[in-house]
Each structure stands twice: as C-alpha cells, then as structure tokens.
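This report refers to the structure that appears directly beneath it.
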There are 2 protein chains.
Amino acid sequence: MADGRQNSAVRGDSLLFLTDEQLRQGSEAMFFAYRGFTADPDRILADLTYGRAHHRAIHFIGRAPGTTVNNLLNILGVTKQSLNRVLRTLISDGLVKSQVGRNDKRERHLHLTDAGRALEQELSDAQRARLRAAFRDAGPEAVAGFRTVLEAMMDPEMRASYARLKESGT
Amino acid sequence: MADGRQNSAVRGDSLLFLTDEQLRQGSEAMFFAYRGFTADPDRILADLTYGRAHHRAIHFIGRAPGTTVNNLLNILGVTKQSLNRVLRTLISDGLVKSQVGRNDKRERHLHLTDAGRALEQELSDAQRARLRAAFRDAGPEAVAGFRTVLEAMMDPEMRASYARLKESGT
DNA sequence: TTGGAGTGTCAACAAGGCTGACATAAAGTA
DNA sequence: TACTTTATGTCAGCCTTGTTGACACTCCAA
C-alpha cells in the first residue's frame, strides 16, 4: 500500500489519519486489543464450566440489578434460547436469581446472589486490572479519545444502551 | 450525566479517569464497539458459508502475502486444527493458494488468489467504512488516543505482532 | 374472550474453539 | 548415516455458543 494512491490522503495533511493504511491498522489494533481485553476473565472462566457468555450475563445483571430477560436480550444481542441456556445454568448454580415481576408477572427480574456478586467481582477485577494499567499508561487524553472513537463505532441502538448504562452508573 | 461526557479525566494530574466506574464504562464501550466493528463483515460472510474465522485468515494472508501457516497461527492465536479447517475450505474454494517453500520445503506459503483478494477487498471496505466514519467523527487526536489505549491493552506478544504488521504496511 | 407479549423449553443444527493422536516430509544434528 | 525436531496436515471427538423452528404457559389489554 503506497501512500501515493490513497485517495483520502491527497486531500490534505489533516486527513492523513483516514488513509486505508491507518484504518487497517485501526482494525488490527481492535482485533489484538480485544484479545487482550478478554484474556484475563477467560482464564478464570476456563476453570469453572463457564464461558464468555456467562461473563457477559453476569456483568450486565450486576450492572443493572432487577433487569428483565428481554432487556438483557437487547443488550447482549443474542437469541432468547441462547441466553436462556446460560441463565439456566447460572440460576441452578445459585449465581443468579430470577424473580417474577410484581406489576407484570410475565416478566422475570434478574439479580445476582452473593455468590454471583463474588464471581462478578473476581471477573471484573481481572478485566479492570488490565484496563487500568492501559489507561494509566496512555493518560487521560488518550482515554478520552479511546472512548470517543469506540462510541462512534457502535451501532445506534448499542450506543443508546451504552448511554443508558453510563447514566445509571453515575 | 450533567455535562455531556463526564470528563473528570481531562485534568492531567487527576486520577479520576481511573475510577472503577470509568473502567467499567471502558469495558462496556469495548464490548459494544466490538459488536459494531464486526457487524458489517459478518453480514457479508453470512451469505457465503463463511464466518469470522475465515475473515481473519483472509485478512492476515492479504496483509502479509507469502506468510507461513505457523506465522498465521501465532497471529491468530488458535490451534492448527482450527486454522487448518478454515484454510482447507478457503483453498478448495479457490480463495487462497498454498505453495511449498523454496528454501524450506516443509513450510507452506499462503497467498490470496484473485478471488480471495476480491473478497478481502469487499470485507475490508465494509469494515473500513464504519471505522472511517468513526475516525472522522472523532477527529485525529481522539484516534491517536484510541490507538494508544488499544496498544496498551494488548498482550506483549500481540503488541509485537501488531508492530510488525504496522511496519510492513508503511 | 381473544390476540399478542414475555418467557421458558425442547430439538436440531452449525461454527469454531479445544485436546489428543498419528502421519509425513524435510531439515538439522550427533 | 541415524536420530530428532520442525512444519504441516488430518482424523476423531468434545465443548461453548450461536442459530431456527415449534410449542406451551401466563398474563395484559382491547
């Protein structure tokens, strides 16, 4: 990929960060970084019978206690069958409890049990340790940029879910 | 959320960007963004019989033509059985060709065929379109920060692979 | 009362990870 | 030369996690 033939490059110095080569490096950075991002929790989960899907369920239940199955479905973007399989094991293993809704008894509200919270903590700690080191090394401005780009990369519905979670955490 | 992005982070000496809440938002941003990142190529691949694993193989073969199986194995971080299954279909479908090494005849050097290059282009274009839009919206400084943080998030071996690819592209 | 929403579950299947075992050819080494 | 190691391929079998399709049940709302 010679820099001469990049059409975005010829428009001016300010757009050099949008060359195909830069974008390709961006994708590769995403690929390698995501590997690192999931590596630590994956190691913990491998010892249990759990996988990444369990981690995601535990994470978002912990983040939004009392959430319904349907809401979780929207956040995770999988089928109810797929989620249900995961929830079933988590419930029967006593990490998650499912409560019939008071207003609408069709809904199930999901909460972590103490054991669930403990595992959530363990997984989050592992993941956060890496992120914390990365953030600290990169510095506040880089972190702000990191989040700006990630947010711009999301699908609109995902961006909305993300924003809702962000608000609920403050 | 009082003032748009809650950037307690922009003050250089403050460590508020390292709070657990900020880190948690960082993980969630990674999760949602990665979904967006893979969504477009996934849609193209779904129509063919291929999956994300095929995309990755095609991408890195296209990026480093003539690479050996072992090298690809290290970059992708999967087992040879897993990679071989993917390569077998790509070769028999005429997207990738495998050549016995000249110096070391045990090695196989992998190249994309014209058809392989065409698919690689189609997939890259889809993925780059989203990345380009995100980069443009976020601006050069944010993109620089994005890459700094991602790089800091990688495992050292991945960072080395990433650096090698980065150099080879310039 | 009926339709539809929210949920759970069964069955079947596919992709793509994994391990283990074994085969082959080529290269390196004692 | 004989032995070992490396690079690769392949078979078999297992797991997780995604998918579709079908069906049942409960309950809300029109």
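Every number in this text was worked out from the coordinates using simple rules, so none of it is lab data. What you see is a predicted model, and the numbers here were worked out from it, not measured in a lab. Heads up, the Cβs are rebuilt from the backbone with ideal geometry, glycines too, and the neighbour counts pull from every protein chain shown.
Projected onto their three principal axes, the Cα atoms of chain B cover extents of 61, 35, 29 Å, largest first.
Separation of region A:68-147 and region A:21-51, taken as the distance between their Cα centroids, equals 17 angstrom. With R₀ set to 25 Å, the beta-carbon distance separating B:Arg52 from A:Arg117 gives a calculated FRET efficiency near 0.15.
With label points set 7 Å from Cα along Cα→Cβ, the inter-copy distances at A:Arg88 are 3.1 nm, sorted shortest first. Taking the convex hull of the alpha carbon positions in the protein assembly as shown and averaging its projected area over all directions gives 19.7 nm².
Sorted from nearest, the other copies put their B:Arg164 label points 4.4 nm away, the label point being 7 Å from Cα in the direction of Cβ. Residues A:Glu28, A:Glu167, ranked from the fewest to the most other C-beta atoms within 10 Å, line up as A:Glu167, A:Glu28. Over 29 Å apart at the Cα level, from the set A:Lys97/B:Lys80; A:Lys80/B:Lys80; B:Lys80/B:Lys166; B:Lys97/B:Lys166; A:Lys166/B:Lys166, are A:Lys97/B:Lys80; A:Lys80/B:Lys80; A:Lys166/B:Lys166. Averaging over all projection directions, the Cα-based convex hull of region B:85-170 occupies 8.1 nm² in the image plane.
In region B:1-134, Cα pairs under 8 Å separated by at least six residues give a relative contact order of 24 percent. Ranked by how many other Cβ atoms sit within 10 Å of their own Cβ, fewest first, the residues A:Met158, B:Met153 fall in the order A:Met158, B:Met153. In nm, to one decimal, how far is the modelled label at B:Ser168 from the one at A:Arg35, with both set 7 Å along Cα→Cβ? Taking the two extended label points, one gets 1.3 nm.
Charge dipole (Cα centre; +1 on Lys/Arg Cβ, -1 on Asp/Glu Cβ; no other charges) of the protein assembly as shown amounts to roughly 840 debye. At an R0 of 35 angstrom, the distance between the Cβ atoms of B:Ala129 and B:Asp104 translates into a FRET efficiency of 0.30. Here B:Lys166, A:Lys166, B:Lys105, A:Lys80 are placed in order of increasing Cβ neighbour count within 10 Å, fewest first, which gives B:Lys105, A:Lys80, B:Lys166, A:Lys166. Over the C-alpha atoms of region B:96-141, the Rg to Rh ratio, Rh being the Kirkwood estimate, stands at 1.31.
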